[in-house]
Amino acid sequence: GAARLGLLPRYGGAEEVEWFDVESCLCLHTINAFHRPNGHVVVQGMRLIPDGPDSYISKYTPAFPYQWVLDRESGTCVEERYLS
């Protein structure tokens, strides 16, 4: 199944959240976010792939630095990748 990232404008309210479909995962902690000159928003965070319903609460599942590039005009995630 798919997951979604929510993008909230810096001075916006809950009614202004923009949702983007991404590859299935959990992102429990964000690291950074910034705008590119082309208008895309880059979001970096710790991504994990759970192997069961309690894999991030009662047993350890490793998370790795990951990056999503969001295109607000099209409402899509145009790039996803692990950061090395």
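The values are calculated or read from the model by the stated rules, or taken from the named source; none is laboratory data. Here the structure is a predicted model, which is why all the values come from computation and not from measurement. Backbone-built Cβ (ideal geometry, glycine too); neighbour counts: all protein chains shown. Surface accessibility is based on the protein's heavy atoms, side chains included, excluding ligands, DNA and RNA. Shrake-Rupley method; radii C 1.70, N 1.55, O 1.52, S 1.80 Å.
General remarks:
- Solvent exposure, largest accessible area first (probe 1.4 Å, DNA, RNA and ligands not counted), of Leu28, Leu7, Leu83: Leu28, Leu83, Leu7
- Inter-site label distance for His35 and Arg81 at 7 Å from Cα along Cβ, in nm: 2.4 nm
- The structure-derived value of Cα Rg over 2.2 N^0.38 Å appears in the list (1) 1.08; (2) 1.41; (3) 1.14 under the label (3).
- With a 1.4 Å probe rolled over the protein heavy atoms of all chains, the accessible area of Thr30, Thr61 falls in the order Thr30, Thr61, largest first.
- Accessible heavy-atom area order of Val41, Val78, highest first, probe of 1.4 Å: Val78, Val41
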